[in-house]
Protein chains: 2
Amino acid sequence: MAPNPATLWGETLVEELTAGGLEAVCIAPGSRSTPLTVAFAEHPDVTVYSHLDERSAAYFALGRGRRTGEPTAVVCTSGTAAANFHPAVIEASQARVPLLLLTADRPHELRDSGANQTIDQVKLYGDAVRWYAELPDPAADERKARMLRTTAARALTKTTGTPAGPVHLNCPFRKPLEPTTVPGSVPDSFSETLAGAGRDGPFVRSSPGTVLADPGDVSIVASALEDASRPLLVAGPADPNHITGSGSNSAPHAGSAEATLGQRVVDLASRLGAAVFADPLSGVRFGPHLRADDGQAADGTARAPLVCGGYDSYAGSEQLPAPDVVLRIGASPTSKVLRHALRDADCRQFVVDPAGDWREATFTATDLVVADPDSLLESLLEAVDQTAASSDDGWLEAISTAESRYWDHVDTACTTEAIAKQPFEGAVLASVLECTPDPATVFVSNSMPIRDADRFGRPRAAELTVLGNRGASGIDGIVSTALGAGSATTEDEPLVLVTGDLALYHDSNGLLALERCGVDATIVVLDNDGGGIFHLLPIESFDPPFTEQFKTPHGLEFEPFAECYGFAYERVAPRGFESAYEHALETAGTHLICVDFDAESSHRQRETLEAAFHRTLESLSL
Amino acid sequence: MAPNPATLWGETLVEELTAGGLEAVCIAPGSRSTPLTVAFAEHPDVTVYSHLDERSAAYFALGRGRRTGEPTAVVCTSGTAAANFHPAVIEASQARVPLLLLTADRPHELRDSGANQTIDQVKLYGDAVRWYAELPDPAADERKARMLRTTAARALTKTTGTPAGPVHLNCPFRKPLEPTTVPGSVPDSFSETLAGAGRDGPFVRSSPGTVLADPGDVSIVASALEDASRPLLVAGPADPNHITGSGSNSAPHAGSAEATLGQRVVDLASRLGAAVFADPLSGVRFGPHLRADDGQAADGTARAPLVCGGYDSYAGSEQLPAPDVVLRIGASPTSKVLRHALRDADCRQFVVDPAGDWREATFTATDLVVADPDSLLESLLEAVDQTAASSDDGWLEAISTAESRYWDHVDTACTTEAIAKQPFEGAVLASVLECTPDPATVFVSNSMPIRDADRFGRPRAAELTVLGNRGASGIDGIVSTALGAGSATTEDEPLVLVTGDLALYHDSNGLLALERCGVDATIVVLDNDGGGIFHLLPIESFDPPFTEQFKTPHGLEFEPFAECYGFAYERVAPRGFESAYEHALETAGTHLICVDFDAESSHRQRETLEAAFHRTLESLSL
């Protein structure tokens, strides 16, 4: 039996969490959290990642949850340590990533009394968690212990519920915190009770359920799509349980083992003659479902699916017909052009969301379909009668032509010669998403990299799991999120992180996980010495304060980080990127490739490329 | 007139804040915060510090507020940026440091709609702020604009109220965010209104007031102290408006321009024949009030005051008489030995707190006196009749002997020869607090450094402003807090930071402020490769998991940071510290001195030293 109540609580909670399927925990050192830390460290079925900065720890756990769709726990001591989790908690909430926060706390009587490292941790993360619960004061008490075991199951289930997200268990402990024997505090007889012994497997079995659309809604959507002349499927950033990929833990969503979301989107589009605009984070733009022969339905009659990635340059264009029915799954797309085109399309738009949230900030969608997208697509594939689909061939041809011409332009701008002459950041994203061997996990930072991935990442039939933090779209925690994702992949699946210099600096502490957590990565830094994205904004023409307060050049050299955190470093000119990248991928260990760019000239090249494509578009008769 | 409503809002708010006395702002780059950033950057009366990591920015602002007692503002864009402020907000709340949080937000209609970088910022920091308010939607509307101006005054006043602390203004802005002209959006005539033009000086004048004790309470305290045989004054960590020092902004608290808190404590102790146990962060242990001649009252009859710093080794000792009346000011003392001695003293204990908070976690104090400590001391100095004071000379003599013998032991342990033979971390704190020329600001990190400062920092008649983050006592944000404090000192007042290696790593991003914010510092790193404090705890004897999960050796070299962030670096053995330190103080620019220690042997030496002193104490007849 446990030597004291705190140890009993730590062991019992960890026992239930692992029995419930928890596989990994990130722990930051601290004293008050000792019962949790000891219990996790001693449990054979859980992988412990030790972190020294709680902010990075939480983002690492977030990244792991993002990659696996399963909760990762994160443990900290009492005090501001817990507040350092807050940014990752918000990202987890908005991106629907399972995350289990275990914050140690002082016992109730020490709160608000001037006791050291004691803050108000009650509901610390406000509405950003799916559930907040406080563990009972540790004691060998049967009902309390059953409540503790039950709470573990409830917490895990809520992290993967609808929507998935963070759960916060606040865990007060009193001394002794270490496994020191306190005679009589936990009687031997306690182990003979149900509360003390638990059950074989988890004390409570639970799974989160799936939200299925009302049958009436399925019929309505199916009919509308069948009747559409120009049906468009828009796949926004996917919730983690819908990502495509081949990581060790990337089991498909419950009930959908036979196909990925991408496969279902492609099948439906094929059956309808619909175009698909697929966000790079949708799980649809990249994947084996794009292999040429996969585009054919079993009966051989279906049209090949058209999964597009160039829409940021042509959606809403006057040269192209507008969609007349839109089905949106996932979060709001990264592309502002696409969002505005959808706003202006003046057509029926179905927004599919399993949580009944409204992730469409232009407020022009007409129908909210509350349903798990995987299940809805499955239902639609059953309900849609291909022979009844009335889409206009011209619609697909026009989009197809625009898409194909778009990539011709990108190809031309991204040849070695073109890059040598006119380097721009987009070429790196084009190259990474084109050249990375599959399977691989590619984590793309916010600000410009994700926008460039959206514009320059050509759809590809490769097992690329492309991830980002698009819940709140911050540039914080990027390194840790990527490495956390990388911690969940198999050995033959490399992790690539593409980030700007500011995001790298912001979470430079996260680099410590390379060694401490045994993750290897190829880190590509688009170094334009500051906030390149501000060149996109009107503030660019107000200088001062543009340079000092927005662009914020910092002059940081990242080579010293290589020495600090133990990785290979190389700084290259844009034209040298591809060979450096290939070399890095072929060589063991972590490599950071810093590619020098001028943000302004990169942005001008994006504009030039877009203008040239628009001229091409105008010259076509679509 | 402002070119658009967002610009109008930014300009108006900044105008009122600066008119109300705001002198500095920390700004992290972002787009949504553009109206605030532009207005601050263009205002001639405010110093702008640009930061790239919001967590560090908030701690820098906290440090400045800690040093000055005046609010510093901090600005961020919408999204997780704001959550990165949370650790510093909690520290500011608990340490009562004025801090003004200005978080840009999306307009109301974009919330919870999937809009980019949009999170729920309403009451983001929960109960950790003194006031939360949301600015009205920008518009050239008279009542709204008057509300905005009034809100600025209210916010500033609440940051310095009782208790002082953080205030959060959430600031929604809609496009255009830049000073782009939107014809008609702000009519010229608006400038002729009271709302548009404001008033000369601040729109609303306000000051926070001071909480004075009820006269009856003053009499009760005065009588109890007069009647005491063994009166003890305990000065815990001071709220920022009570710190001693000579920084450019360290104006004494309103109404107390003639004397510092330290002077008043010394005067009262002298008049009563009381001993003073002064925490290193109390503003009482160091200061000109300890000069020998200052111990004498004007009439020459007073006994010299006894300000003690060695109590951690003798408070509660059976060899010494226990106090019979205790007056406590400030927060709960750093010394656990002292806190336990007070718990066990079984005597009348007055806890003085201006906010009526209870900062005494043993729950043995008998009286809560709700009063500003400065004002209460002033009242007590008027009320206490020196001739009526009945303190026992033996009491003071016993404490005095113990104190004096204690420092003999410390001196012996800290000679160059002793350190060469048996190095320990405490010697560095002893040395820093002994040798740093005055005036200086010395920031001491949490975990072991503050405990060592408490044990080994001998009371000294020098203008040392010794600061720490003892609100929540985290090891996060230490570098930034120190540099923020340093930003508020005069040129001839050096900034010294003493920190462990974990805290340095945790806020390594804060080092960027050295160059960006133009602060020089002498940074002393007690490098014991991990969490040395855990050697103090019972978990030490459980290994595993002690080393991997608690001690967490990381092997980080800090020399590369010197290259990254531009400062001189030196790694020295303990015996080489003093000369390296003196050299650093004499040389311009920032120096980081890394002193190698073994945490365990440091701790054993602390124990040895204490045991030797206890033997001495036992041998004395006190």
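The values are calculated or read from the model by the stated rules, or taken from the named source; none is laboratory data. The structure displayed is predicted, hence computed values, not measured ones. FYI the Cβ positions are ideal-geometry reconstructions off the backbone, even for glycines, and counts take in every protein chain you see. For the accessible areas, the whole protein counts, side chains as well, though only heavy atoms, and no ligand, DNA or RNA atoms are used. Shrake-Rupley method; radii C 1.70, N 1.55, O 1.52, S 1.80 Å.
Quick notes
- Rolling a 1.4 Å probe across the protein heavy atoms gives region B:558-622 an accessible surface of 46 Å² per residue.
- Taking a straight Cα-Cα cut-off under 12 Å and skipping sequence neighbours fewer than 8 places away in the same chain, the aspartates and glutamates within cross-link reach of A:Lys175 are A:Asp105, A:Asp137.
- Inter-chain shielding of A:22-35 (mean C-beta neighbours from other protein chains, 10 Å cut-off): 3
- Heavy-atom accessible surface of region B:93-217: percent carbon and sulfur, 1.4 Å: 48
- Sorted largest first by accessible area at a 1.4 angstrom probe radius, with every protein chain in place, the residues A:Asp454, A:Asp344 fall in the order A:Asp344, A:Asp454.
- For the rotational copy relationship between A and B, the axis lies nearest to a chain A beta carbon, identified with its distance in whole angstrom as A:Pro560, 2.
- With every protein chain in place, region A:465-611: carbon and sulfur % of accessible area (1.4 Å): 47
- Rolling a 1.4 Å probe across all protein chains gives B:His603 an accessible area of roughly 10 Å².
- Remark: region A:89-99, residue by residue, has Karplus-estimated 3J(HN,Hα) of 5, 5, 4, 4, 5, 6, 8, 6, 9, x, 7 Hz, where x stands for each Gly or Pro and the curve is 6.51 cos²θ - 1.76 cosθ + 1.60 at θ = phi - 60°.
- Largest-first ordering by accessible area, 1.4 Å probe, given options B:Val337, A:Val46: B:Val337, A:Val46
- Considering only alpha-carbon pairs that sit under 8 angstrom and 6 or more positions apart, the relative contact order computed for region B:550-605 is 35 percent.
- Overall form of region A:1-160 per C-alpha gyration tensor (a/c, 1.5; a/b vs b/c): rounded
- Net charge, A:Ala612 excluded, C-beta distance under 12 Å - Lys, Arg +1, Asp, Glu -1: -1
- Length-normalised contact order for region A:499-557 - Cα pairs under 8 Å, 6+ apart - percent: 36
- Cross-link partners of A:Lys158 among lysines (Cα-Cα below 23 Å; sequence separation of 8 or more within a chain): A:Lys123, A:Lys144
- Set of lysines near B:Lys421 by C-alpha distance (under 25 Å), chain-local residues within fewer than 8 positions excluded: B:Lys551
- Length-normalised contact order for chain B - Cα pairs under 8 Å, 6+ apart - percent: 14
- Residues with amide H under 5 Å from that of B:Ser50, placed H, sequence gap 5 or more: B:Ile27
- Per-residue [θ]222 nm for chain B (sum of -39500 (n - 2.57) over DSSP H runs n ≥ 4, rounded to 500): -11000 deg cm²/dmol
- Only protein heavy atoms count here, probed at 1.4 Å, and on that basis chains B and A bury about 6400 Å² of accessible area in total.
- Label spacing, shortest first and in nm, from A:Glu434 to its equivalents in the remaining copies (7 angstrom along Cα→Cβ): 6.8
- The phi-based Karplus calculation (6.51 cos²θ - 1.76 cosθ + 1.60; θ = phi - 60°) puts the 3J(HN,Hα) values of region A:444-454 at 10, 6, 7, 6, 6, x, 5, 5, 6, 5, 5 Hz, whole numbers, x for Gly and Pro.
- Computed with every protein chain present, the accessible area of A:Glu142 is close to 90 Å² [probe 1.4 Å].
- Inter-copy spacing of A:Gly589 label points, which lie 7 Å from Cα along Cα→Cβ, given in nm from shortest upward: 3.0
- Under-5 Å amide H pairs with A:Gly531, H placed in peptide plane, nonlocal only: A:Thr552
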